[in-house]
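The structure appears below as structure tokens.
The values are calculated or read from the model by the stated rules, or taken from the named source; none is laboratory data. Everything quoted here is computed from the prediction, not taken from an experiment. Here Cβ is always computed from backbone atoms with ideal geometry, including for glycine, and neighbour counts include all displayed protein chains. Just the protein is used for accessible areas: all its heavy atoms, side chains included, with ligands, DNA and RNA removed. Shrake-Rupley method; radii C 1.70, N 1.55, O 1.52, S 1.80 Å.
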Amino acid sequence: MKLSDVAAVLASDVRINILQWLKNPQAEFVSQREGDLSEHGACLSLIAAKAEISVPTASRHIERLVQVGLVKTTRIRPWNFHAVDVDGLDRALRLFDELRK
């Protein structure tokens, strides 16, 4: 994980919103159908609907967040659930904290 990569990913308001929502998906999303929300996170269709973007666009945003380690994806049967990766977020915050030293 590099600070410049994390900073580039966080340069998007959409990705910042997604991160905020995925901190507590049960409180942020309302299940539309069985299987789109679980204790493991929210499915892509819920994220896209809340962000008011297409599913392919939401997928690209999630992919970027996963690449830098801020979001984790858990596959359960046919669904992928996305949630904040707390360890990754902690690592990113430590990188930013290094700037202050």
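Residues checked against (1) closer than 19 Å to residue 7 by Cα; (2) of a type in the set (A, V, I, L, M); (3) at pLDDT 90 or above:
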| site | (1), (2), (3) |
| --- | --- |
| 38 | no, no, no |
| 50 | no, no, yes |
| 80 | no, no, yes |
| 85 | yes, no, yes |
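Somewhere in region 92-100, is a residue more than 10 Å from the chain's Cα centre (by Cα), at pLDDT 95 or above and crowded, with 18+ Cβ neighbours inside 10 Å?
Looking through region 92-100, none of the residues is more than 10 Å from the chain's Cα centre (by Cα), at pLDDT 95 or above and crowded, with 18+ Cβ neighbours inside 10 Å.
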### Query
Between a first residue in region 77-99 that is closer than 14 Å to residue 9 by Cα and aromatic (Phe, Trp, Tyr) and a second residue that is open to solvent by 80 Å² or more (accessible area, probe 1.4 Å) and in a helix (DSSP H, G or I), which pairs have beta carbons less than 9 Å apart while being 6 or more apart in sequence or on different chains?
none
### Task
Considering only region 78-101, state which residues are among the small types (Gly, Ala, Ser) and either touching a helix residue (DSSP H, G or I) at 6+ places or on another chain (Cβ under 7 Å) or part of a strand (DSSP E or B) (or both).
83, 92
### Message
Being surrounded by 15 or more Cβ atoms within 10 Å (Cβ to Cβ) and touching a strand residue (DSSP E or B) at 6+ places or on another chain (Cβ under 8 Å): is that true of residue 31 here?
### Response
no
#### Entry: Given (1) surrounded by 15 or more Cβ atoms within 10 Å (Cβ to Cβ); (2) over 16 Å from residue 37 (Cα atoms), number of the condition residue 50 does not satisfy
(2)
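Given the criteria buried (at least 16 other Cβ atoms within 10 Å of the Cβ) and polar (S, T, N, Q), does residue 73 qualify?
So residue 73 passes the test.
Identify all residues within region 18-28 that are under 15 Å from residue 58 (Cα atoms) and open to solvent by less than 60 Å² (accessible area, probe 1.4 Å); write none if there are none.
18, 19, 21, 22
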### Query
Across region 24-52, which residue is farthest from residue 72 (Cα to Cα) among those that are under 13 Å from the mean Cα position of the chain (by Cα) and free of Cβ contacts under 8 Å to residues at least 12 places away in the same chain?
48
### Summary
Exactly one of 6, 14 is part of a helix (DSSP H, G or I) and open to solvent by less than 40 Å² (accessible area, probe 1.4 Å), and that one is 6
